[in-house]
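Below you'll find the structure, written out as structure tokens, and then a few comments.
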Amino acid sequence: MSGALKFPDNFLWGTATSPTQVEGHVANEWTDYIAADGGHCRVACNHYHRYAEDVEWMTQLGVNAYRMGIEWSRLQAAPFAPLNRPELERYVDLLDRLKAAGITPMVVLHHFSNPPWITSAGGWLNPATIPAFEDYVTKLVSALKERVYLWNTFNEPDTYASLTYLLGGFPPFHKWRLWSYRKTIRHMAAAHVRASDVIRQAGNGGRTPEIGIAKNWTFFGPFRKHAVWDHLLAGISHHAFNRFVLHEFLGGPRRAASTFLGVNYYGLTRFKNFEPMVPAGGANPERLAQLGVVCDDMFERHPGGLGTVLRNLHRQYGLPLYITEHGAASADEDFRILDLTEHLRELHGAVNSGVDVRGFFYWSLLDNFEWQFGYSKRFGLLEVDFNDENLPRKMTRVGEFYRGICRARAGAVAPEDSSVPVHRICIP
Ligand code: BGC
């Protein structure tokens, strides 16, 4: 690849999905949920039946890593129950196919969904969820330890807890329950520590297991420099969603439970008179464009922030990092390609300046069920036609572009004039 940015030879170039968003046929709190566009997750991409084909697509993409979830609700029918054998075998087969394809799995243990018996007992507000999770992880890790060494316990605890208890976006759709938000984070952090002990004790035949969470990193700032109230809201958001969560998971002795930190990075939220200036928060995309706010279909883009957050988190916690998610949703593929290029340039800069980043996982392998928004946000390297009952997959231009990167094991050089401005934001 001409003009390529060199990355370390053992760097993981991957892609990612989550069970509720792609598998279909799940029985969890999302099964009966109807999204804003009328969509539901009952079939999704049918990855549940089509995973073998999807591994072949990954081979075509040239990725050498896949961040995949394992759905707890499939495997345990009741607290402390044995794991469901056929469901476990299905995941084992998926892992074996990945291995045969030379693709390293990173397994996510919790990605926004729970078994119904956890939900009906109060979810993560109930402290009894912690030992139940530990039991599940003990059984799962013992079954998969020879096949998996990269374990991602929790995906974005902050997103899960805030959308569930503060913002009313995820079932059970509560709002402004700050106490529940904090409690959920604390219980998840305690479960992370216990899961980490389990994973370490189990080991992994060949390699030392790696354990970490994936933290969603969003920068917060005011839209107008002098709007004190928006400064204040940005500061509060930064504290509640970034600092508090990192402190609970990585502060003091709890840091020893993690061997890496995953960073999911999508960008920036700026507030104007308390309103978040992002499409995901309800802002009108045309209006945002007029105001010069550069967004995909979800968030404001801020590629320059990626380097900043990687340097700061590395300095602060001294842990190896993975970009466990980055991607853009847009019908404009040129926009998505530019977005990826700019973020990889930032990532490269951070790696070159000595930040230990070990991999990048593009979100997502497939267009999929984007929670509250249904199927209207298209993040896939592969496009999925949800109007066709066969759910055909098709390579996108972004997928082709990423294939070039994965095959060369190198990022592409971005155009010099990055259009993204520097903002006043809260930094880690
Ligand atoms: C989540 C994914 C989601 C993506 C895009 C992340 O917050 O982990 O499940 O699809 O962002 O919104």
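The values are calculated or read from the model by the stated rules, or taken from the named source; none is laboratory data. None of these values were measured; they are calculated from a predicted model. As a convention, Cβ positions derive from the backbone with ideal geometry for all residues, glycine included, and neighbour counts pool all protein chains shown. We work out accessible area using only protein heavy atoms, side chains counted, and drop any ligands, DNA or RNA first. Shrake-Rupley method; radii C 1.70, N 1.55, O 1.52, S 1.80 Å.
Details
- Criterion (under 20 Å from ALA410 (Cα atoms), in a helix (DSSP H, G or I) and more than 16 Å from the ligand (Cβ to nearest atom)) met by exactly one of VAL355, VAL351: VAL351
- Residue in segment 133-153 that is in contact with a Ser or Thr (Cβ under 6 Å, 6 or more places away or on another chain), open to solvent by 10 Å² or more (accessible area, probe 1.4 Å) and either away from the ligand (no atom under 16 Å from the Cβ) or of a type in the set (S, T, N, Q) (or both) present: no
- Meets criteria (surrounded by fewer than 20 Cβ atoms within 10 Å (Cβ to Cβ) and within 16 Å of the ligand (Cβ to nearest atom)) for SER237: yes
- Residue under evaluation ALA27, criteria (1) over 20 Å from LYS145 (Cα atoms); (2) buried (at least 22 other Cβ atoms within 10 Å of the Cβ); (3) touching a Ser or Thr at 6+ places or on another chain (Cβ under 7 Å); (4) not charged (D, E, K, R), criterion not met: (2)
- Verdict on GLY282 being within 16 Å of the ligand (Cβ to nearest atom) and exposed (fewer than 14 other Cβ atoms within 10 Å of the Cβ): yes
- Which numbered condition PHE112 fails, given (1) under 20 Å from the mean Cα position of the chain (by Cα); (2) outside any loop (DSSP other than H, G, I, E, B): (2)
- Residue tally, condition basic (Lys, Arg), open to solvent by 10 Å² or more (accessible area, probe 1.4 Å) and in contact (Cβ under 8 Å) with a residue 12 or more places away in the chain, over segment 167-219: 6
- Matching residues in segment 358-381 - criterion: being surrounded by fewer than 23 Cβ atoms within 10 Å (Cβ to Cβ) and of a type in the set (A, V, I, L, M, F, W, C): TRP371, PHE373
- Residue list for segment 288-314, restricted to those being closer than 22 Å to ASN10 by Cα and away from the ligand (no atom under 16 Å from the Cβ): GLY307, LEU310, ARG311, LEU313, HIS314
- Residue within segment 337-344 that is open to solvent by less than 30 Å² (accessible area, probe 1.4 Å), part of a loop (DSSP other than H, G, I, E, B) and either within 12 Å of the ligand (Cβ to nearest atom) or not hydroxyl-bearing (Ser, Thr, Tyr) (or both) present: no
- Note on segment 256-303: among residues that are in contact with a His (Cβ under 9 Å, 6 or more places away or on another chain) and hydrophobic (A, V, I, L, M, F, W, C), the one that is farthest from ASP339 (Cα to Cα) is ALA257.
- Flag: PHE369 does not match the condition of being in contact with a helix residue (DSSP H, G or I) (Cβ under 8 Å, 6 or more places away or on another chain), within 30 Å of ARG393 (Cα to Cα) and in a strand (DSSP E or B).
- With respect to the conditions (1) open to solvent by less than 10 Å² (accessible area, probe 1.4 Å); (2) among the aromatic types (Phe, Trp, Tyr); (3) within 13 Å of the ligand (Cβ to nearest atom), PHE260 lacks only one, and its number is (3).
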